[in-house]
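First the structure, in the form of structure tokens, and then the observations on it.
Values in this text are rule-based calculations from the coordinates and carry no lab data. Quick caveat, the model's predicted, so the values are computed rather than measured. Glycine gets a Cβ as well: all are built from the backbone with ideal geometry, and neighbour counts include every protein chain shown.
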Amino acid sequence: MRKEAWTYSLTAGVMGAFGVLMRWLQCQNIFEPETGLAARGHFLSVLMVLTLLGFAAALWRLSGRMSLENAREEPEDALAPPPEKLAGAVLAFGALIAGAGAMLLFFTEGGRLFRLIALLGLLSAAVLAMLPQLPRWGAFGAWLAVTPVLFFALWLVGFYKERSVDPVLWAYAMQILATAACLLAAYRLCGCVFYRLKLRQTLFSCGLATAFGLSALMDPHITAAARLLFAGWSVGCGALCWVLLRNLRDDTEEEEEE
């Protein structure tokens with residue numbers, strides 16, 4: 001299963017790197033220097049939309065080609081830390097970046113709502129690092145897994161409330177999509193801990209969060225805090241894809257169970 005784990009995780013990462021390039025080219029060419037407005041119907045904007053749709057279609061198709069019939073039923077087994085220490089190190093690195101972004105958000109954004117969002121983001125970064133251990137913590141671990149869902153939901157509301165008066169849709173649309181993708185990934189990962197594992201949907205949402213989160217890093221008006229949060233969660237979701245696929249039962253285990 002190690003080959004499938006590498007294939008899916010690296011594919012999501014490569015998509016994110018290509019999305020970074022596409023978003024950078026779009027931001028360099030679609031905005032008019034005199035007005036700051038985006039050119040209507042620019043071919044790069046159309047190409048960007050097609051690229052994002054292609055990411056979603058390719059990840060969904062690829063997730064269906066994994067050996068998901070060998071999925072483990074118990075959350076303790078599906079999210080168990082693999083013997084390789086690389087995945088844990090990458091997951092901890094992503095959580096560290098996300099935690100730094102949450103702290104920066106707390107000190108740079110004003111208002112009670114964003115202070116609350118930043119505190120939830122800091123706790124969510126810790127949950128991201130500890131996610132493979134949460135199923136062993138019983139109900140407490142399950143409720144901790146809800147924290148990232150609340151964080152991204154509130155961040156999505158707060159961000160849209162702040163930018164809703166901006167007439168330039170492409171200035172913030174990618175960040176909205178990336179936050180929604182991370183919210184979906186957090187929801188599906190939370191479902192794993194609550195014994196509602198749907199492996200294909202979870203792999204798809206985590207891969208989408210990785211690709212969309214990296215693509216949003218090139219937004220023209222993205223803050224340093226948001227850039228760190230998207231980068232950290234993109235790395236973390238990619239590592240969790242590897243963990244979920246690495247924990248699939250192999251053929252030897254299937255024969256022993258039979």
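Phi-derived couplings, Karplus 6.51 cos²θ - 1.76 cosθ + 1.60 at θ = phi - 60°, listed residue by residue for segment 109-119: 9, x, x, 5, 4, 6, 5, 5, 4, 5, 5 Hz, with x used for Gly and Pro.
List the relative contact order of segment 2-252 as a percent without decimals, with contacts defined as Cα pairs under 8 Å and 6+ residues apart.
On the way: 384 pairs, mean separation 88.8, N = 251.
Taking the mean separation of contacting Cα pairs over the length of segment 2-252, I get 35 percent.
Relative protection proxy for 185-192, 114-121, 218-225, from highest mean packing down: 185-192, 114-121, 218-225 (other beta-carbon atoms within 10 angstrom).
Can you tell me what percent of all Cα-Cα pairs in the chain are more than 32 Å apart? Each step should come with its number before you reach the end.
On the way: 7372 of 33153 pairs.
When all Cα pairs of the chain are counted, 22 percent exceed 32 Å.
When shorter helices are ignored and each DSSP H run of at least 4 residues is given -39500 (n - 2.57), the per-residue value for the chain at 222 nm works out to -24500 deg cm²/dmol.
The ranking of Phe204, Phe152 from fewest to most other beta carbons within 10 Å of each one's beta carbon is Phe204, Phe152.
In terms of the mean number of neighbouring beta-carbon atoms within 10 Å, the peptides 28-41, 128-141 order highest first as 128-141, 28-41. Mind giving me the FRET efficiency for Trp6 and Trp137? R0 is 25 Å, r the Cβ-Cβ distance, nearest 0.05 is fine. For R0 = 25 Å, the calculated efficiency reads 0.30. What shape does segment 7-130 take by its C-alpha gyration tensor, where a ≥ b ≥ c are the square roots of the eigenvalues and a/c under 1.5 counts as rounded, a/b above b/c as prolate, and the rest as oblate? It comes out oblate by the Cα gyration axes.
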